[in-house]
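Derivation of every value follows stated rules applied to the coordinates shown; laboratory data play no part. These numbers come from a predicted model, not from an experiment. With ideal geometry, Cβ positions are generated from the backbone for all residues, glycine too; neighbour counts draw on all protein chains shown.
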Amino acid sequence: GAVVSQHPSWVICKSGTSVKIECRSLDFQATTMFWYRQFPKQSLMLMATSNEGSKATYEQGVEKDKFLINHASLTLSTLTVTSAHPEDSSFYICSARIGLGEKLFFGSGTQLSVL
Amino acid sequence: QKEVEQDPGPLSVPEGAIVSLNCTYSNSAFQYFMWYRQYSRKGPELLMYTYSSGNKEDGRFTAQVDKSSKYISLFIRDSQPSDSATYLCASGGSQGNLIFGKGTKLSVKP
């Protein structure tokens, strides 16, 4: 299957700092990328959908000023958690697909811990 | 009613057992059906992809889709301890995003 690379795999930061997570599709061009958040023993929670070259669409309840998403190219999307706080600690996962109805491939996830 | 319903389990079986995992969906426009396996603290891994109704087999895994009853299944034959993970079903149509079930946690005991 196609490969989606996500970095870093884990990050620890101080409260108030910003953290950037990268998601790359290595062997295909992803028209759409998705960002999810997952709490322990919980299911995936879709945060936002991003299409290359346009603004991300955020799910209800997700603060777009807190979670900045940039999808600058067909192979790269970034999620920046701004002014992180302990409640932002979570497992963040990205996914990418070539087009509607196509298979969705996931990155390996990023564990964020905010102290 | 959620668009994709999945029993969260947990489901515990002995090694070698046949495992049956199931989901139901409500949107008759859904045409794409996928099963993912997620190990703890890892991203989901695509196991099976099915378009429309029918069966698909890959090694020990068989995916079934019954569009008349809006029911999707994943069968695992000769289950192994390494199959212990959370299994997520997902469905979608040609116009929208995939909708995921909550996932079923499976434990295969040696």
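Dipole size in debye (nearest 20) for chain A around its Cα centre, Lys and Arg Cβ +1, Asp and Glu Cβ -1?
That gives chain A a dipole magnitude of about 100 debye.
Other chains near B:42-51: what is the mean number of their Cβ atoms within 10 Å of each residue's Cβ?
5
What do you get for trypsin sites (Lys or Arg not before Pro) in the range B:1-101 restricted to DSSP loop and a cutoff of at most 12 other Cβ within 10 Å of the site's Cβ?
B:K2
Which shape class, rounded, prolate or oblate, goes with the range A:17-115 when its Cα gyration tensor gives a ≥ b ≥ c as root eigenvalues, a/c under 1.5 marks rounded, and past that a/b bigger than b/c marks prolate?
It comes out prolate by the Cα gyration axes.
Output ³J(HN,Hα) for the range B:22-27: one whole-Hz value per residue in order, computed from phi by the Karplus curve 6.51 cos²θ - 1.76 cosθ + 1.60 with θ = phi - 60°, and x for Gly and Pro.
Values, residue by residue: 9, 9, 10, 9, 10, 8 Hz.
Please give the residues of the range A:95-110, grouped as numeric ranges, whose backbone N is less than 12 Å from a label point set 7 Å along the Cα-to-Cβ vector of B:N97.
A:95-97
From the gyration tensor of the Cα coordinates in the range B:1-54, what semi-axes in whole Å does the equivalent ellipsoid have, largest first, with each one equal to sqrt(5λ)?
They are 22, 14, 13 Å, listed from largest to smallest.
Please report how far the C-alpha centroid of the range B:1-30 lies from that of the range B:44-63, rounded to the nearest whole angstrom.
14
When averaged across all projection directions, what area in nm² does the alpha-carbon convex hull of the range A:1-41 cover?
That works out to 4.4 nm², a quarter of the Cα hull's surface.
Taking the Cα centre of chain B as origin, sum charge times position over the Cβ atoms of Lys and Arg (+1) and Asp and Glu (-1), and report the length of that vector in debye to the nearest 20.
Here chain B has a charge dipole of around 220 debye.
Return the average number of partner chain Cβ atoms within 10 angstrom of each residue Cβ along peptide A:33-46.
3
Say the dipole of the protein assembly as shown comes from +1 at the beta carbon of Lys and Arg and -1 at that of Asp and Glu; which of A:Q38, A:V19, B:Q64 then lies farthest toward its positive end?
A:V19
Report the chymotrypsin sites (Phe, Trp or Tyr not before Pro) located in the range B:1-103 that are in a DSSP loop and have at most 16 other Cβ atoms inside 10 Å of their Cβ, or state none.
B:Y39
With Cβ to Cβ distances under 9 Å as the rule, what net charge do the other residues near A:V114 carry (K, R +1; D, E -1)?
Summing Lys/Arg as +1 and Asp/Glu as -1 gives -1.
Viscosity 0.692 mPa s, temperature 37 °C: what is the translational diffusion coefficient of the protein assembly as shown from Stokes-Einstein with a Kirkwood Rh over Cα pairs, rounded to a whole number of µm²/s?
182
Filter the cross-link list B:K42/B:K70; A:K14/A:K55; A:K66/B:K102; A:K14/A:K66; B:K42/B:K105 down to pairs whose alpha-carbon distance in this structure exceeds 24 Å.
From the list (B:K42/B:K70; A:K14/A:K55; A:K66/B:K102; A:K14/A:K66; B:K42/B:K105), the Cα-Cα distance tops 24 Å for B:K42/B:K70; A:K14/A:K55; A:K66/B:K102.
Report the relative contact order of chain A, percent, no decimals, based on alpha-carbon pairs under 8 angstrom and at least 6 residues apart.
37
Tell me, what ³J(HN,Hα) does each residue in the range B:55-68 have, in order and in whole Hz, if you take phi through Karplus 6.51 cos²θ - 1.76 cosθ + 1.60 with θ = phi - 60° and put x for Gly and Pro?
10, 9, 10, 8, x, 7, 9, 10, 10, 10, 10, 10, 6, 5
Net charge around B:F75, counting only other residues with Cβ within less than 14 Å of its Cβ (Lys, Arg = +1; Asp, Glu = -1)?
-1
Charges only on Cβ, +1 for Lys and Arg, -1 for Asp and Glu: so what's the dipole of the protein assembly as shown about the Cα centre, in debye to the nearest 20?
Rounded to the nearest 20 debye, it is 200 debye.
Between B:L98, B:F75, B:P110, whose Cα lies farthest towards the positive end of the dipole of the range B:67-110 when Lys and Arg beta carbons carry +1 and Asp and Glu beta carbons carry -1, centred on the Cα centre?
The residue sitting most towards the positive pole is B:L98.
Give me the net charge of B:V108's neighbourhood, meaning all other residues with Cβ under 13 Å from the Cβ of B:V108; Lys, Arg count +1, Asp, Glu -1.
+2
To one decimal place, what orientation-averaged projected area in nm² is obtained for the convex hull of the Cα set of the range B:5-110?
In nm², the orientation-averaged hull projection of the range B:5-110 is 6.2.
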